[in-house]
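Have a look at the structure below, then the notes.
The values are calculated or read from the model by the stated rules, or taken from the named source; none is laboratory data. Remember, it's a predicted structure, so these values are computed and weren't measured experimentally. Here the Cβ positions follow ideal geometry from the backbone for every residue, glycine too, while neighbour counts run over all protein chains shown. Heads up: the accessible areas ignore ligands, DNA and RNA and are worked out on the full protein's heavy atoms, side chains in. Shrake-Rupley method; radii C 1.70, N 1.55, O 1.52, S 1.80 Å.
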Amino acid sequence: LWSRGLGDVYKRQVYTLFMAKWFYFGQQNTTRREIVQKKPRIAVIGAGLGGAAAAALLEQAGFNVRVYEQAPAFSRLGAGIHLGPNVMKVMRSIGIEDELNRTGSHPDYWYSRDWKTGEIIAQIPLGDYALSHYGSSYLTVHRGDFHSLMIDAVSYTHLRAHETREDL
């Protein structure tokens, strides 16, 4: 499973489950319980946001996961990152939604402005609107803080930092 971002975490989880069925069992009607009981080993290459999310969700599902990251350590890099309600629901599953809500900033609107005049072209409601209509908040958080929470959601015994794998 190669991680590239959070946008397709749900699809990636379903894809991973499908691939585990296909590789280990060769049949479509195998249940997740049967897969977990056979203890397939899953390698997640890269402990970025997507890799950490995939690993946390797979761990929660009972899979034997190892995360391989070539960086020797994680640092607080980046700037602000926007998390929409769909991503926040994934964070709820991982168990870090409440901390993200405490840490992040909750904008009331998303404004699109004319590049030359600054005139508002569009104003999209967020804040309370997102919470009431989509079932979760919309927020902006520092990428480093977000990544730290994601890494903390993965068991340290499953994380291999400063390691490259060419034999997987």
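A few remarks follow.
- Loop-located trypsin sites (Lys or Arg not before Pro) in the stretch 54-93 (DSSP state not H, G, I, E or B) with no more than 13 neighbouring Cβ atoms inside 10 Å: Arg76.
- Candidate residues His147, His158: accessible-area rank, largest first, probe 1.4 Å: His158, His147
- Accessible-area value, Tyr129, 1.4 Å probe, nucleic acids and ligands omitted, Å²: 90 Å²
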